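The block underneath contains the structure these notes are about, expressed in structure tokens.
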Amino acid sequence: MLSKKEKILLRLLEQYGQSLHIMLKRLTLDDQTAEDLMQELFIRLCRRDDLLQVKNLHAYARQS
């Protein structure tokens, strides 16, 4: 069974994963680097204690 945090992160990935990846690819101009940064982003988000209180997760992820 998934935790609340895992469910939130999966929803973020499903809804905004593509746009986050596009943003990272535009910033780095490299697909592999963008993928690495996506992985890093989700690891960071997973470690955040305040993730359950975030109201706009997409904006939060873009700023992280």
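Restricted to region 24-64, and to residues that are under 12 Å from the mean Cα position of the chain (by Cα) and among the hydroxyl-bearing types (Ser, Thr, Tyr), which residue is modelled with the lowest pLDDT? If we take residues in region 24-64 being under 12 Å from the mean Cα position of the chain (by Cα) and among the hydroxyl-bearing types (Ser, Thr, Tyr), then SER64 is modelled with the lowest pLDDT. Within region 1-12, the residues that satisfy the criterion of being surrounded by 16 or more Cβ atoms within 10 Å (Cβ to Cβ) and farther than 12 Å from ARG62 by Cβ are ILE8, LEU9.
Can you find a residue that is touching a Ser or Thr at 6+ places or on another chain (Cβ under 7 Å) and either surrounded by fewer than 12 Cβ atoms within 10 Å (Cβ to Cβ) or small (Gly, Ala, Ser) (or both) anywhere in region 21-34? For region 21-34, residues touching a Ser or Thr at 6+ places or on another chain (Cβ under 7 Å) and either surrounded by fewer than 12 Cβ atoms within 10 Å (Cβ to Cβ) or small (Gly, Ala, Ser) (or both): present. Residue pairs whose Cβ atoms lie under 7 Å apart, sitting 6 or more positions apart in sequence or on different chains, and linking a residue in region 32-60 that is under 17 Å from LYS7 (Cβ atoms) and touching a residue at least 40 places away in the same chain (Cβ under 8 Å) to a partner that is in a helix (DSSP H, G or I) and open to solvent by 90 Å² or more (accessible area, probe 1.4 Å), are LEU52/LYS4.
The values are calculated or read from the model by the stated rules, or taken from the named source; none is laboratory data. Predicted, not measured: the structure shown is a model, and the values here were computed from it. So basically every Cβ, Gly included, is an ideal-geometry build from the backbone, and we count neighbours across all protein chains shown. SASA here: full protein model, heavy atoms, side chains in, ligands and nucleic acids out. Shrake-Rupley method; radii C 1.70, N 1.55, O 1.52, S 1.80 Å.
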